[in-house]
1. With +1 assigned to the C-beta of every Lys and Arg and -1 to the C-beta of every Asp and Glu, and no other charges, what is the dipole magnitude of the stretch 168-276 about the Cα centre in debye, to the nearest 20?
2. Around V92, which amide H atoms from residues at least 5 apart in sequence, or from another chain, sit under 5 Å from its own amide H, with H modelled in the peptide plane?
3. What is the Cα centroid distance between the stretch 82-113 and the stretch 202-276, reported in whole angstrom?
4. Per-residue HN-Hα couplings for the stretch 124-130, Karplus 6.51 cos²θ - 1.76 cosθ + 1.60 at θ = phi - 60°, whole Hz, x for Gly and Pro?
5. With Cβ to Cβ distances under 15 Å as the rule, what net charge do the other residues near H199 carry (K, R +1; D, E -1)?
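Read the figures in this text as sums done on the coordinates, not as results from a lab. Fair warning: this is a prediction, and the values are worked out from it, not measured in the lab. As a convention, Cβ positions derive from the backbone with ideal geometry for all residues, glycine included, and neighbour counts pool all protein chains shown.
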Amino acid sequence: MKKLTVMILALAMLAAFAQTNMANPVTEYASLDEINSIAGTNLVHPAVMGVSEETFSTITVPEGVISQYGFTVAGFGYTFRGARMSGDISGVYVNGREVYPGEAAYECDFFYGDGFMLSRWKNDSAQYTLYVEDPDGIMDKETFRLISWEMQELVGTGSYEMISAYDESGLAGNYQDTFSQRAWAEIRQENGRYVMEIHWADSASEYYRWTMTLEPSGEKLIYSDCVCCSVTTLDDGTERLITIYDDASGFFTVSGSGLKWNGAENDYCRDCVFVKAE
């Protein structure tokens, strides 16, 4: 009977919603970026090889939204959660009581249960819990402590707030892509709207240029009018411009102090994070 407590609670919740016709609070997504953007958290992938069986979801509760990342490493199933709220978000109960009543601390707190281990901490913007299912008692406590501390370090200290509002002083300016280090961007105001222009150097004589209008939407900057062109400098110094596509859609979300490009038409652009130049 040493089964994942979180899983048992989730099944009970689903059964209750089915019987009462209440809305299911769990929504599945395809990536960490999506759930982090919705919940305002910074869940991260573990820095190890062999991660499998990944799942990404959010859980809507009266206090807010919890981001949930499930994954397996070396045969152990983990549940990693984050939320901008003070109550217990682990979903783990022992003898009918929450394991972590009250507010989380900056230092990792550990709980070792029957067939599982659990840790909890917070940073300046959110709290996090890491759960591992260990029904056979194979994993030692020190190993789980080291894993928890590593995840805490990867999450960072917090302050993942949106770039200061949507005004010219907070958003307009020049940006450098920290992922490829081959792209730069400019955001400027034109007729009261934000226009973003991105350049990606493909060679000494050719670059790609994207132009789009940004529309603030919650914690996202969305666009639906992106035009991508290939620009080649010819031998006589003139430029040849070829439109590759237009009317593409996508959005940017905040990643630390930068803007992460989501939904880009080109695969190699989807990991770009544009940080404002000093």
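1. The dipole of the stretch 168-276 has a size of about 400 debye.
2. It is V99, by chain and number.
3. So the two Cα centres are separated by 42 Å.
4. 6, 10, 7, 10, 9, 10, 10
5. Result for the neighbourhood of H199: -3.
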